[in-house]
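Each remark here refers to the structure printed beneath this line.
The values are calculated or read from the model by the stated rules, or taken from the named source; none is laboratory data. Being a predicted model, the structure only gives us computed values, none of them experimental. Cβ placement follows ideal geometry from the backbone for every residue including glycine, while neighbour counts extend to all protein chains displayed.
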Amino acid sequence: MTDVEQFSYDNRIVRDFAFATTLWGLVGMLVGLLAAVQLYWPAANLDIAQLTFGRIRPLHTNAVIFAFVGNGMFMGIYYSVQRLCKARMFSDLLSRIHFWGWQLIIVSAALTLVSGITTSKEYAELEWPIDIAIALVWVAFTINLIGTILKRRERHMYVALWFYIATAVTVAMLHIVNSLEFPVSFLKSYSIYAGVQDALVQWWYGHNAVAFFLTTPYLGLMYYFLPKAANRPVFSYRLSIIHFWALIFLYIWAGPHHLLYSSLPDWAQSLGTVFSIMLIAPSWGGMINGLLTLRGAWDKVRQDPVLKFMVVAVTAYGMSTLEGPLLSIKSVNALSHFTDWTIAHVHTGALGWNGFLTFGVLYWLIPRLYNTELWSRKLATYHFWIGLMGMLFYVIPVYWAGVTQGLMWKQFTAEGYLQYPNFLETVTQILPMWRLRSIGGALYLTGAILMTYNLIKTVKQGTFEPETAVQAPPLKATPIGDESHSYRHRWLERKPVLFTVLALVAVAIGGLVEMVPMWLIRSNVPTISSVKPYTPLELAGRDLYIREGCVGCHSQMIRPFRSETERYGAYSKSGEYVYDHPFLWGSKRTGPDLFRVGKKYPDAWHYKHMQDPRSTSPGSIMPRYPWLLVNQLDTSTLQKKITVLRKLGVPYPDGFEDEVMANMKAQAEGIATSLASATITVEPDREIVALIAYLQRLGTDIRTDLNAGGQP
């Protein structure tokens, strides 16, 4: 008689992550709505530094990615892993450390980001102490995951577990490599990479944060919860094998498609494009596998709000993973990049794929944790339609705005002049679309509020089951030569350690091929003799630019298009960024590119522009920055910054630290004198002076003729 072991599943950790998912989802969406409103009504920040668009935009992205989706991912993983492995989680203590550590990280992120404490690297804005905490908490999660799989009572690892394993090892690799930084103080550091190298590493990370935080774990959830909700088996086991291995191998190469037409070497750009296009096949293989799982169950889809959410989620996954490769084609990217088109693309995935799948899992999971029925299926259906309308009201106007921007930026008159030389002409043209977007965001948030109410009522009417008692026979080793199965992959599924190693190798290859040549081959990033390090005052101003999140609206990368060289000046050269720790190329132009803004306007113009942007640019949607005019510049770590940057390769002379204060004071007094000549009285030690110094330096290291096609 087969021995049977008695054990139980831990439902407390699942419940806790479910509650956190719901709470942080509301917070993240509310902050996103505020940011959307500020794009056409900048006064909505109430002149409070912590509420400006530049500071709350990274708060919004981090809240929805790492707080909402992150907690939703862990909720689904902790529920499904125990049942797929027929085992309790490896360690209840590690589960608790993971949960409370992750919530502490989220709170720390919120407090630091609104305070302007940021590295400015997209999706990786958090400073080094929080980065270390993330790594430690992620290690706790990974040990718990792998430990549970190792003690499983089910011989074969189901496909969802494959995606969880790939998520665990790849996110760790991405986070550690991209977060290598040299601390200056407790909450200030500089990336060890500079310029082009930093850009490549960042978008290797940034694109694959989307791939391995927003996609692979959610594919695992799809493979588990969709068949459960439909009560149908997955359409094709063989297709799931192809989907998994092709996806994780190809995805890691695609990061450079974020840097097309930039100063990144062309070979790296081409690699990103080629692998991005190849990604269509495995991505759509996964979508097809999900949708065809519902074959014969469409009557149930029409009646069940859970399946409605999941069908739209899988469809949105398919649409966004088709559009991503299309946007990586250079001719398409030439029109779309820096525009709202990218924002619409991202939100198709975020609102449709991640948001709707999370809602579907919550509606399926909470009643089972509380041994009851969903309080109101009708209210869940209302949520579905309100959320779907919100998504459409969001993405369609933003797509329209993006195409409008791209076309207007490139339009020339019959005489060969830019038809819209004033950047603000493109901004005012799309304001109606931005208003519609905020309506869509409000609808989407309304749906989430309805869901929260529905789930609260469900919880109140049910009884929570902290642990589910189960029994299963122990896993026994299969004698050698007695491993009969129809798929060779079954053999690998029985060896989780080997499986994990092979997954890590598959994702590491692409990163190594792309990044190692950039680190070792000096000619990939040629230097320019006239490019010099920033002065102490300019460096302080650059850190203020980072603090205020200016990179979220302004790019510093002029592409080699006539429309851009006519508008901004000479196209950007890789050697101009060799001392930039971190790089500040930006990914969106809500305002004009600033790379050649140095010496374009007098100091007084910049002062007035920061005091009230409408005074210099009528119709501007840029917020006011009155605190810059009165805040005293903090120079307490300036000498340490110079020391750190020298260690990172910036050629400051030995002993320059002793000259820092005198050098800074002389340059600041020169700017204060310039402002005084324009009847503006300001003390040399104010923050605005440092920011002006940085802006006046941008793009001035090489000689350019701004009126002759921008060629040097």
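Conditions: (1) assigned to a loop (DSSP other than H, G, I, E, B); (2) in contact with a Phe, Trp or Tyr (Cβ under 7 Å, 6 or more places away or on another chain). F356 meets all but one. Number of the miss?
Only one criterion in (1) assigned to a loop (DSSP other than H, G, I, E, B); (2) in contact with a Phe, Trp or Tyr (Cβ under 7 Å, 6 or more places away or on another chain) is unmet by F356, namely (1).
With the structure loaded, tell me whether A36 is surrounded by fewer than 18 Cβ atoms within 10 Å (Cβ to Cβ) and under 22 Å from Y545 (Cα atoms) or whether it fails that test.
When the stated conditions are applied, A36 does not pass them.
Return the residues of region 493-551 that are of a type in the set (V, I, T), in a helix (DSSP H, G or I) and over 17 Å from L174 (Cα atoms); say none if nothing qualifies. Don't jump to the end; show me each part of the working.
Start the filter on region 493-551 by keeping residues that are of a type in the set (V, I, T), which leaves 497, 500-501, 505, 507, 509, 513, 516, 521, 525, 527-528, 531, 535, 546, 551.
Applying the additional criterion that residues be in a helix (DSSP H, G or I) yields 497, 500-501, 505, 507, 509, 513, 516, 546, 551.
Selection gives V497, I546, V551.
Output the residue which, of all residues in region 642-676 that are without any contact (Cβ under 8 Å) to a residue 60 or more places away in the chain and hydroxyl-bearing (S, T, Y), is nearest to Y190 (Cα to Cα).
Among those that are without any contact (Cβ under 8 Å) to a residue 60 or more places away in the chain and hydroxyl-bearing (S, T, Y), it is T643.
So if I check each of A344, A380, which one is under 30 Å from A268 (Cα atoms) and surrounded by 22 or more Cβ atoms within 10 Å (Cβ to Cβ)?
Numbers: A380 fails: under 30 Å from A268 (Cα atoms).
Sole residue among the options that is under 30 Å from A268 (Cα atoms) and surrounded by 22 or more Cβ atoms within 10 Å (Cβ to Cβ): A344.
Looking only at residues in region 536-564 that are in contact with an Asp or Glu (Cβ under 8 Å, 6 or more places away or on another chain) and not small (G, A, S), which one is nearest to N663 (Cα to Cα)?
By that ranking, first place goes to L544.
Can you say whether R494 is of a type in the set (K, R), more than 24 Å from V159 (Cβ to Cβ), modelled with pLDDT of 85 or more and surrounded by fewer than 19 Cβ atoms within 10 Å (Cβ to Cβ), as far as the supplied structure shows? Step through it out loud before you land on a result.
Values: of a type in the set (K, R): yes; more than 24 Å from V159 (Cβ to Cβ): no; modelled with pLDDT of 85 or more: yes; surrounded by fewer than 19 Cβ atoms within 10 Å (Cβ to Cβ): yes.
No: the conditions fail for R494.
Suppose the filter is in a helix (DSSP H, G or I), in contact (Cβ under 8 Å) with a residue 12 or more places away in the chain and surrounded by 23 or more Cβ atoms within 10 Å (Cβ to Cβ); does L247 pass it? Outline the logic, then answer.
Details: in a helix (DSSP H, G or I): yes; in contact (Cβ under 8 Å) with a residue 12 or more places away in the chain: yes; surrounded by 23 or more Cβ atoms within 10 Å (Cβ to Cβ): yes.
Judged against the criteria, L247 is a match.
Might you let me know whether region 463-483 holds any residue that is assigned by TED's automatic domain parsing to the domain that holds F338, part of a helix (DSSP H, G or I), at pLDDT 95 or above and not acidic (D, E)?
Within region 463-483, none of the residues are assigned by TED's automatic domain parsing to the domain that holds F338, part of a helix (DSSP H, G or I), at pLDDT 95 or above and not acidic (D, E).
Identify, by number, the condition in (1) in a helix (DSSP H, G or I); (2) touching a helix residue (DSSP H, G or I) at 6+ places or on another chain (Cβ under 8 Å); (3) under 26 Å from I366 (Cα atoms) that A166 doesn't meet.
(3)
Would you tally the residues in region 102-136 being over 24 Å from D634 (Cα atoms) and surrounded by fewer than 19 Cβ atoms within 10 Å (Cβ to Cβ)?
Result for region 102-136: 7.
Can you tell me how many residues within region 643-676 are under 12 Å from E538 (Cα atoms) and within 37 Å of the chain's Cα centre (by Cα)?
Qualifying residue count, region 643-676: 3.
Can you spot a residue in region 49-68 that is among the hydrophobic types (A, V, I, L, M, F, W, C), in the same structural domain as R437 (by TED's automatic domain parsing) and without any contact (Cβ under 8 Å) to a residue 40 or more places away in the chain? Explain how you work it out, then say what you get.
Taking region 49-68 as the starting set, the residues that turn out to be among the hydrophobic types (A, V, I, L, M, F, W, C) are 49, 51, 53, 56, 59, 63-68.
Applying the additional criterion that residues be in the same structural domain as R437 (by TED's automatic domain parsing) yields 49, 51, 53, 56, 59, 63-68.
Those left that are additionally without any contact (Cβ under 8 Å) to a residue 40 or more places away in the chain: none.
No, region 49-68 contains no residue that is among the hydrophobic types (A, V, I, L, M, F, W, C), in the same structural domain as R437 (by TED's automatic domain parsing) and without any contact (Cβ under 8 Å) to a residue 40 or more places away in the chain.
Among (1) outside any helix (DSSP H, G or I); (2) under 25 Å from the mean Cα position of the chain (by Cα), which single condition is P233 missing?
With respect to (1) outside any helix (DSSP H, G or I); (2) under 25 Å from the mean Cα position of the chain (by Cα), P233 is out only on (2).
Within region 510-531, restricting attention to residues that are surrounded by 13 or more Cβ atoms within 10 Å (Cβ to Cβ) and among the hydrophobic types (A, V, I, L, M, F, W, C), which residue is farthest from Y237 (Cα to Cα)?
V531
Can you name every residue in region 69-97 that is in contact with a helix residue (DSSP H, G or I) (Cβ under 7 Å, 6 or more places away or on another chain) and free of Cβ contacts under 8 Å to residues at least 60 places away in the same chain?
Result: N71, S91, L94, I97.
When the residues of region 252-290 are filtered to those that are touching a residue at least 60 places away in the same chain (Cβ under 8 Å) and of a type in the set (S, T, Y), which remaining residue is nearest to P517 (Cα to Cα)?
Looking at residues that are touching a residue at least 60 places away in the same chain (Cβ under 8 Å) and of a type in the set (S, T, Y), I get S263.
Taking region 305-337, which residues are part of a loop (DSSP other than H, G, I, E, B) and either surrounded by fewer than 16 Cβ atoms within 10 Å (Cβ to Cβ) or at pLDDT below 95 (or both)?
At the first step, the residues of region 305-337 found to be part of a loop (DSSP other than H, G, I, E, B) are 328-329, 337.
Of everything in region 305-337, just one residue is part of a loop (DSSP other than H, G, I, E, B) and either surrounded by fewer than 16 Cβ atoms within 10 Å (Cβ to Cβ) or at pLDDT below 95 (or both), namely I329.
What are the residues in region 347-379 that are more than 15 Å from Y218 (Cβ to Cβ) and either within 15 Å of the chain's Cα centre (by Cα) or charged (D, E, K, R) (or both), if any? Full working, then the answer.
As a first pass, look at region 347-379 and keep what is more than 15 Å from Y218 (Cβ to Cβ): 347, 363, 366-379.
Correct list: H347, R368, E373, R377, K378.
Restrict the check to region 73-84 and report whether at least one residue is of a type outside the set (G, A, S), surrounded by fewer than 19 Cβ atoms within 10 Å (Cβ to Cβ) and out of contact with any Ser or Thr (no Cβ under 8 Å at 6 or more places or on another chain).
Within region 73-84, the first condition is being of a type outside the set (G, A, S), and the residues that meet it are 73-75, 77-79, 81-84.
From what is left, the residues that are surrounded by fewer than 19 Cβ atoms within 10 Å (Cβ to Cβ) are 83.
Checking which are out of contact with any Ser or Thr (no Cβ under 8 Å at 6 or more places or on another chain) leaves us with 83.
Yes, there is a match, as at least one residue in region 73-84 is of a type outside the set (G, A, S), surrounded by fewer than 19 Cβ atoms within 10 Å (Cβ to Cβ) and out of contact with any Ser or Thr (no Cβ under 8 Å at 6 or more places or on another chain).
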